[in-house]
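Visitor: Here it is, the structure in full.
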Amino acid sequence: MPDMGTKTADETGAETGAEATTDEQKVSVTKSADDVAESGTEAADGRGAELDAQDAEDAEDADAEDLADGADLAEGPSGVGQGAGAVVSVALGLVSLTGGWIGTVAAARETLVGQLQTSSSASVAKQVKEVYGDAWATTALWAGLFALAALITGVVVLARPAFGAPGKAQAPWIKSVAWAGVALGVIGLLLAVLKYSDALLGLPSTG
């Protein structure tokens, strides 16, 4: 028959060992939970740091864009000046082709001077040359001056970005208008030279 004291001691030891094992498991589970929580906290902190860094980078990009926009706005007046120059070039070219009040007044004055300096007894050829020929030559001269001004202005507008703002693209409409001014200047200058030299619409023959 087994000893009751021994059995009680064995059972007590077994229960004590079981309880100790259970406590160790609880401690292990608690440590694991703490580790998981700590890992989650670290991950959250890392994610937060990444978000903060991204926000800072986005803010720097926004500031850079604002500075670029400000620089573009600061360079705005140069573009306005080029556009105005292109329009002036076209206007000068049109004046060279259609005539202006300066050329008209100069031609009328030359006609008056020719009438005053030419006697009534002069030959018809001389009268035509002094009265009409010089007036027409004066008109052609002023037309040529306006054409030359239109040509120079258009060329300056087209060449301006290369000297004033290298690397900055010129607006397409400015280029188009400037090229139109250059074309009108070339045409007006050619016609003025032809008229001044009597190669175009020369004096009528008096013979």
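Visitor: Tell me whether region 180-188 contains one or more residues that are under 26 Å from P204 (Cα atoms) and of a type outside the set (D, E).
Guide: Looking through region 180-188, at least one residue is under 26 Å from P204 (Cα atoms) and of a type outside the set (D, E).
Visitor: Let me ask something additional. Working carefully through the options L189, L184, L141, L112, find the one that is modelled with pLDDT of 90 or more and either farther than 20 Å from G93 by Cα or open to solvent by 70 Å² or more (accessible area, probe 1.4 Å) (or both).
Guide: L141
Visitor: Can you tell me how many residues within region 52-86 are at pLDDT 85 or above and open to solvent by 80 Å² or more (accessible area, probe 1.4 Å)?
Guide: Matching residues across region 52-86 total 0.
Visitor: On the basis of being in contact (Cβ under 8 Å) with a residue 12 or more places away in the chain, under 29 Å from A199 (Cβ atoms) and of a type outside the set (D, E), does G85 make the cut?
Guide: No: the conditions fail for G85.
Visitor: Further question: Got a sec? Which of V155, V105, V128 is more than 18 Å from L191 (Cα to Cα), surrounded by 13 or more Cβ atoms within 10 Å (Cβ to Cβ) and modelled with pLDDT of 85 or more?
Guide: V155
The values are calculated or read from the model by the stated rules, or taken from the named source; none is laboratory data. In this text the structure is predicted, and so the values were computed from the model without any measurement. Cβ sites come from the backbone with ideal geometry, for glycine too, and all protein chains shown count toward neighbours. Side chains included, ligands, DNA and RNA excluded: accessible areas come from the protein's heavy atoms. Shrake-Rupley method; radii C 1.70, N 1.55, O 1.52, S 1.80 Å.
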